[in-house]
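Novice: Encoded as structure tokens, here's the structure I'll be asking about.
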Amino acid sequence: RGFTSCYIWACPPLKGEDYILYCHPEIQKTPKSDKLREWYLAMLRKASRENIVVDLTNLYDHFFVTTGECKAKITAARLPYFDGDYWPGAAEDLINQFRLEEDGRKLNKKGTIKKTITKRALKASGQSDLSANASKDLLLMHKLGETICPMREDFIMVHLQHCCTHCCILMVSGNRWVCNQCKKFQICDKCHEAELKRDERERHPFNQREKHVLYPIEITDVSTDTTDQDDILESEFFDTRQAFLSLCQGNHYQYDTLRRAKHSSMMVLYHLHNPTAPAFVTPCCICHLDIETGQGWRCEVCPDYDVCNACYKKDGGIDHPHKLTNHPSMAERDAQNKEARQLRVLQ
């Protein structure tokens, strides 16, 4: 299918917390961090032996440190950005912290703002751009690196394709240029062209007098057409982990018993195939029966005060101090949902 990498954050939930499925069976134990990590790694080592996985590393070693002949820049722009992942949250907190510090320095009016990182440090990290933004980028990577380093084993990175030693891009087409003498050395076509233009002493292996010959191996295991044949199902409840968990919590779709798990799975599939259907059913505050779409009255002042049509007809809402408004009908709700979905698609 052309996927190049897979990222796993091995982080077990705290007791009483749920990550995806709401309400686990009581007998199910939550593994400790090392147990969970070892479970992932054992599976991946097996995949490696069966040639499904090319290499195993971690987020820190791949993006925060350059070793050997690696020529890739250390920059936040290379990091994979997943909603709800650890590092985007940590990065956003750090950026806000930098902004507050900068505003504080501006308020103190101590002349010009001191450069956060010197130009020499930027050049040393392989940065050609010496602007203030580049120094912020490097500062962010430095702080993030300090945070991630102690727990780097938990941020597993799986290479599904071979990685170029020079630019760190995972190769899916063209040739891999390999060295028969150095086991781990391989570069992409673009880096091979750049290698040929270098001075003799800067070629592979770097800082050694005797140079090695590189041989091309054609990449054939990725098909040219990797488009997905399945239709895209648009549903806000399956966009993020948190949205799905909220849907389950709000409707008590639990997975603690087999009976509940079957019902919850059936309801989840219903919402997936009927994205315009109301996600949360509202009960009547008087008779406690579920209110059908468009068949009830709501108070705009009190939270969660809803009355079904039958109860409203009995007393006309006299028992409630505020004005009650009619629920939107199925057609109105469909139109609103359709419009919202089209806006989301456009965004």
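The values are calculated or read from the model by the stated rules, or taken from the named source; none is laboratory data. Since the structure is predicted, the reported quantities are computational estimates derived from the model, not experimental observations. Positions of Cβ are generated from backbone atoms using ideal geometry, with glycine treated the same way; all protein chains shown enter the neighbour counts. Keep in mind that these areas ignore ligands, DNA and RNA; they rest on the heavy atoms of the full protein, side chains included. Shrake-Rupley method; radii C 1.70, N 1.55, O 1.52, S 1.80 Å.
Novice: Return one whole number: the accessible area per residue of the stretch 227-278 in Å², for a 1.4 Å probe. Spell out each step's value before the answer.
Specialist: Working: 3480 Å² over 52 residues.
That works out to 67 Å² for each residue.
Novice: All other residues with a Cβ under 14 Å from the Cβ of Leu94 taken together, and with Lys, Arg as +1 and Asp, Glu as -1, what is their net charge? The partial results should precede the final answer.
Specialist: Values: positive: Arg99, Lys136, Lys143; negative: Glu92, Asp93, Glu101, Glu102, Asp137, Glu146.
Overall, the nearby charge balance is -3.
Novice: How many times 2.2 N^0.38 Å is the alpha carbon radius of gyration of the stretch 1-83?
Specialist: On the way: Rg = 16.5 Å, N = 83, 2.2 N^0.38 = 11.8 Å.
Rounded to two decimals, the normalised Rg is 1.40.
Novice: Could you order Trp9, Trp87 by accessible surface area, starting with the largest, using a probe radius of 1.4 Å? It would help to have the intermediate numbers written out before the result.
Specialist: Details: Trp9 90, Trp87 15 Å².
Descending order: Trp9, Trp87.
Novice: Taking the Cα centre of the stretch 260-320 as the origin, how large is its charge dipole in debye, to the nearest 20, when only Lys and Arg (+1) and Asp and Glu (-1) carry charge on their Cβ atoms?
Specialist: On the way: 5 positive and 7 negative charges, 61 e Å.
My answer is approximately 300 debye.
Novice: If you fit an axis through the alpha-carbon atoms of helix 86-108 and take the longest principal axis of the Cα set of the chain, what angle between them do you get, 0 to 90°, nearest 10?
Specialist: 80
Novice: Using only Cα atoms, find the angle between the long axis of helix 33-49 and the longest principal axis of the chain, and express it within 0 to 90 degrees, rounded to the nearest 10.
Specialist: 60
Novice: Near Lys262, which aspartates and glutamates are there with a Cα under 19 Å away, not counting those fewer than 8 places off in the same chain?
Specialist: Hits, sequence-local ones excluded: Asp18, Glu26.
Novice: Let me ask something else. Ignoring ligands, DNA and RNA, what percent of the accessible area of the chain is carbon or sulfur (1.4 Å)? Spell out each step's value before the answer.
Specialist: Working: 12690 of 23690 Å².
After summing per-atom areas, the C and S share lands at 54 percent.
Novice: Take the Cα atoms of the stretch 161-222, build their convex hull, and give its volume per residue in Å³. Mind showing how you got there, number by number?
Specialist: Working: hull volume 4.9 nm³, N = 62.
Per residue, the Cα convex hull of the stretch 161-222 comes to 79 Å³.
Novice: Would you indicate which of (1) 40; (2) 53; (3) 62 is the value of percent of Cα pairs over 29 Å apart derived from the coordinates of this structure?
Specialist: Of the labelled values, this structure produces (3).
Novice: Right, something else. For Val281, what is the net charge nearby, where nearby means another residue's Cβ is under 11 Å from its Cβ and Lys, Arg count +1, Asp, Glu -1?
Specialist: On the way: positive: none; negative: Asp290, Glu292, Asp306.
For residues surrounding Val281, the net value is -3.
Novice: Students sometimes get this wrong: rank Leu138, Leu144, Leu21 by accessible area, probe 1.4 Å, all chains present, largest first. Please report the intermediate quantities before stating the final value.
Specialist: Numbers: Leu138 20, Leu144 0, Leu21 70 Å².
Largest accessible area first, the residues go Leu21, Leu138, Leu144.
Novice: A further question follows. Please report, in debye to the nearest 20, how large the charge dipole of the chain is about its Cα centre when each Lys and Arg carries +1 at its beta carbon and each Asp and Glu carries -1 there. Could the numbers behind the result be given before it?
Specialist: On the way: 47 positive and 48 negative charges, 350 e Å.
Charge dipole, the chain, about its Cα centre: 1680 debye, nearest 20.
Novice: With all protein chains present, calculate the accessible area of Ile219 using a 1.4 Å probe and round the result to the nearest 10 Å².
Specialist: That residue has around 20 Å² of solvent-accessible surface.
Novice: Next question. Specify the angular offset, from 0 to 90 degrees and rounded to the nearest 10, of the alpha carbon long axis of helix 241-251 from the longest principal axis of the alpha carbons in the chain.
Specialist: Compared with the principal axis, the helix lies near 20 degrees.
Novice: What's the longest bit of the chain with no exposed GluC sites (Glu not before Pro), using DSSP loop states and at most 10 other Cβ atoms within 10 Å as the test? Please list the in-between numbers first.
Specialist: Numbers: sites that count: Glu17, Glu26, Glu50, Glu210, Glu300.
Of all site-free stretches, the longest is 51-209.
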